[in-house]
Amino acid sequence: MTNAQLYGTNDVPRISKEDCNKRIELLNKRLGEVSTVDMMCKNTFLITKIIKAKEFWSRLRDGE
């Protein structure tokens, strides 16, 4: 979907690659934290959300 379709205008502020990279870096750190617990205690819902967020910010950063 284009910005014009979603926001009604093409005049939408861009999000810098640096901002995206910082979010991805924080998500990677968080994923490492939640992945190191015992398999029986892992929060698979949270892990899935973190992975999806990483995919989102990576696509945004790469202009997809």
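Taken together, the values in this text are just the output of simple stated rules run on the coordinates, not laboratory data. Quantities reported herein were computed from a predicted structural model and do not represent experimental measurements. Positions of Cβ are backbone-derived with ideal geometry, glycine not excepted, and every protein chain shown enters the neighbour counts.
Out of curiosity, is residue 6 under 22 Å from residue 59 (Cα atoms), under 12 Å from the mean Cα position of the chain (by Cα), among the aliphatic types (A, V, I, L, M) and not in a loop (DSSP other than H, G, I, E, B)? Spelling it out, it is not the case that residue 6 is under 22 Å from residue 59 (Cα atoms), under 12 Å from the mean Cα position of the chain (by Cα), among the aliphatic types (A, V, I, L, M) and not in a loop (DSSP other than H, G, I, E, B).
Out of 42, 54, I need the residue that is touching a helix residue (DSSP H, G or I) at 6+ places or on another chain (Cβ under 6 Å) and charged (D, E, K, R). Which one?
Unique residue meeting the criteria: 54.
Just a yes or no: is a residue in segment 30-38 among the charged types (D, E, K, R), under 30 Å from residue 4 (Cα atoms) and outside any helix (DSSP H, G or I)? No, the conditions are met nowhere in segment 30-38. Applying the selection to segment 9-29, what residues are within 15 Å of the chain's Cα centre (by Cα), hydrophobic (A, V, I, L, M, F, W, C) and not in a helix (DSSP H, G or I)? Correct list: 15 only.
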